[in-house]
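The values are calculated or read from the model by the stated rules, or taken from the named source; none is laboratory data. As the structure is a prediction and not an experimental result, all values here were calculated from the model. In this analysis, Cβ positions are derived from the backbone assuming ideal geometry, glycine residues included, and neighbour counts consider all displayed protein chains.
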Amino acid sequence: MKLYYSPGASSLAPRIIAFEAGLDIEYDKVDLRTQTTASGRNFSRINPKGHVPALALQSGGILAEVPVILEYLADQAPSALLLPKLGSWERYQVKEWLDFTGAELHKGFDPLWEAPTPPNARELAVCRLQKRIAYVDQCLRGQLYLGGPRFTVADAYCFTVLSWARFHRIDLTGHVTVLEYMRRISTRQMVKRALQAEGLSIVA
Ligand SMILES: N[C@@H](CCC(=O)N[C@@H](CS)C(=O)NCC(=O)O)C(=O)O
């Protein structure tokens, strides 16, 4: 398998999960602006959507979309327990978090990446994100991870997306539980390794 990624982008989440699961996969860096990979390929031919992550499988197939890639990787190493058992209530809860993270948090950051963002657009985007982060904060009170006591794929994704808050100067000081959660995740051995592999510093 090969993961197409861009440092610090949402593709960091599948890398964290691949490391946590002990999966031996290759990595190919994508220049999103020019749509070329470090290996010299035209990335838009690999993923016509033009965005990372994309996972190339042994079969020749390409998987895209963060929640699906995360689910696929976790299912390759069930003993790592990064996703509850298929059909269980807990699995649907984790999937709910994956979808929330993708649709509400990840995409909530989109206007902020588009430069230059008009001040009103930034204000609106930050205000929406603050509400969603407050919801995460509330849910995390009294539990270690989004799905409960155990780290799952949803945490890798949520951690990755929330790490962008610092870059965009979004104040998280009102979300104490989220800050503790970010710190907890950033101390995991495999998370540190993943950040290091992408040349990133510790986030929280
Ligand atoms: N829905 C997609 C969103 C992926 C996405 O937004 N990726 C960003 C990086 S975090 C990207 O590649 N942006 C560049 C672009 O879309 O041109 C997914 O879940 O994979």
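Scanning the stretch 21-59 for residues that are in a strand (DSSP E or B) and β-branched (V, I, T) turns up V30, T36, T37.
Does F100 fit the bill of being within 17 Å of F159 (Cβ to Cβ) and within 16 Å of the ligand (Cβ to nearest atom)? Yes; evaluated as a whole, the condition is true for this residue. Inspect the stretch 38-53 for any residue being more than 10 Å from the ligand (Cβ to nearest atom), within 15 Å of the chain's Cα centre (by Cα) and at pLDDT 95 or above and give the result as yes or no. Checked against the condition, which is being more than 10 Å from the ligand (Cβ to nearest atom), within 15 Å of the chain's Cα centre (by Cα) and at pLDDT 95 or above, the stretch 38-53 yields no hits at all.
Here Y92 fulfils each of the conditions (1) under 20 Å from the mean Cα position of the chain (by Cα); (2) outside any strand (DSSP E or B); (3) surrounded by 12 or more Cβ atoms within 10 Å (Cβ to Cβ); (4) not charged (D, E, K, R) apart from (3).
Being within 12 Å of the ligand (Cβ to nearest atom), in a helix (DSSP H, G or I) and surrounded by 11 or more Cβ atoms within 10 Å (Cβ to Cβ) is a property that L70 has.
Note on the stretch 1-49: residues that are without any contact (Cβ under 8 Å) to a residue 24 or more places away in the chain and either hydrophobic (A, V, I, L, M, F, W, C) or touching a Lys or Arg at 6+ places or on another chain (Cβ under 8 Å) (or both) amount to 1. Per the listing L105, L200, L98, the residue uniquely under 15 Å from the mean Cα position of the chain (by Cα) and assigned to a loop (DSSP other than H, G, I, E, B) is L200.
Summed over the stretch 11-40, the residues that are closer than 25 Å to W113 by Cα and surrounded by fewer than 23 Cβ atoms within 10 Å (Cβ to Cβ) give a count of 11. Cβ-Cβ distances below 9 Å connect the following pairs, each with a first residue in the stretch 112-123 that is more than 14 Å from F167 (Cβ to Cβ) and away from the ligand (no atom under 16 Å from the Cβ), a second residue that is assigned to a helix (DSSP H, G or I) and modelled with pLDDT of 90 or more, and a separation of six or more residues or different chains: A121/P111; A121/L112. The one condition from (1) assigned to a helix (DSSP H, G or I); (2) away from the ligand (no atom under 15 Å from the Cβ); (3) within 18 Å of the chain's Cα centre (by Cα) that R150 does not meet is (1).
With respect to being within 16 Å of the ligand (Cβ to nearest atom), in contact (Cβ under 8 Å) with a residue 24 or more places away in the chain, within 21 Å of M190 (Cβ to Cβ) and not hydrophobic (A, V, I, L, M, F, W, C), P84 falls outside the description.
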